Amino acid sequence: MAKLLQINSSLFGDNGNSSTLANEFVQRWKAVNPAGEVVVRDFAKEEVPHLDATRVQALFSPAEGRTAEQQAVLDYSDNIIAEIQSADAIVIGVPMYNFGVPSALKAYFDHIARAGVTFKYTETGPVGLLNDKPVYIIATRGGIYKGQAADSQSQFLKSFLTFVGLKDVHFIYAEGLNMGQKDEAFAAAKTEIEQEVAA
């Protein structure tokens, strides 16, 4: 049975533009995979803990001396990594906030990047350890940034995902949403979503 992991990072939950288009992707995917399973992570509904010194120490703590609190930190990280590993495809709704990704998404990534678990260093550089699969980024922006120097978001996402082994990354953009172009941008994004799911 096919499994899709949906990650919504909009502060506005299902009302966010990126979530709306990610949900559109899910509906298209379900039509192609009627028996498929969708696992949802919605950061507007669940708090993602940001890294602090205590959590970093827990992630590096040896099993034999680990406290219950440290084990809980490891369990959270292990669970979200297992979700990624078990998925056949991933769709991530990513709005642009002040030229970057939402802080909750960055925090989520911080719990995924673990040496020896999701990546390792070799003599020729880092190697990602996650099983590769298609990752679809639904990128929504109020202005126009695709292909410009101000789009630090796309390069960050591509670099991080590749670092942990997820190299098959597809971007679907909906831009100019605060410039009177929302209808056209949504229509174009939905067409691209349909093409990507059907591919």
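The values are calculated or read from the model by the stated rules, or taken from the named source; none is laboratory data. In this text the structure is predicted, and so the values were computed from the model without any measurement. Because the Cβ atoms are built from the backbone with ideal geometry, glycine has one as well, and the counts that use them run over all protein chains shown. Side chains included, ligands, DNA and RNA excluded: accessible areas come from the protein's heavy atoms. Shrake-Rupley method; radii C 1.70, N 1.55, O 1.52, S 1.80 Å.
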Checklist entry - Can you tell me which residue in segment 95-121 is most open to solvent (accessible area, probe 1.4 Å), limited to those that are of a type in the set (Phe, Trp, Tyr) and either assigned to a strand (DSSP E or B) or out of contact with any strand residue (DSSP E or B) (no Cβ under 8 Å at 6 or more places or on another chain) (or both)? => result Tyr121
Item to check | Residues (open to solvent by less than 40 Å² (accessible area, probe 1.4 Å) and either modelled with pLDDT of 95 or more or hydrophobic (A, V, I, L, M, F, W, C) (or both)) located in segment 39-82 | outcome: Val39, Arg41, Asp42, Phe43, Val48, Ala58, Leu59, Val73, Leu74, Ser77, Ile80, Ile81
Item to check | Residues satisfying the stated conditions in segment 182-199, i.e. open to solvent by 70 Å² or more (accessible area, probe 1.4 Å) and farther than 18 Å from Val91 by Cβ | outcome: Lys182, Asp183, Glu184
Checklist entry - Going through segment 153-199 one residue at a time, which ones are over 21 Å from Asn131 (Cα atoms) and among the aliphatic types (A, V, I, L, M)? => result Ile172, Ala174, Leu177, Met179, Ala185, Ala187, Ala188, Ala189, Ile193, Ala198
Checklist entry - Which of (1) at pLDDT 95 or above; (2) small (Gly, Ala, Ser); (3) over 13 Å from the mean Cα position of the chain (by Cα) is the odd one out, the single condition Ser154 does not satisfy? => result (3)
Checklist entry - Looking only at segment 83-94, which residues are surrounded by fewer than 18 Cβ atoms within 10 Å (Cβ to Cβ) and among the small types (Gly, Ala, Ser)? => result Ser86
Item to check | Pairs where the first residue, in segment 41-63, is touching a residue at least 60 places away in the same chain (Cβ under 8 Å) and the second is open to solvent by less than 50 Å² (accessible area, probe 1.4 Å) and in a strand (DSSP E or B), C-beta under 6 Å, 6+ apart | outcome: Arg41/Ile7
Checklist entry - What do you reckon, is Gln6 more than 16 Å from the chain's Cα centre (by Cα), of a type in the set (S, T, N, Q) and at pLDDT 95 or above? => result no
Item to check | Condition check for Ala198: under 25 Å from Gln27 (Cβ atoms) and under 13 Å from the mean Cα position of the chain (by Cα) | outcome: no
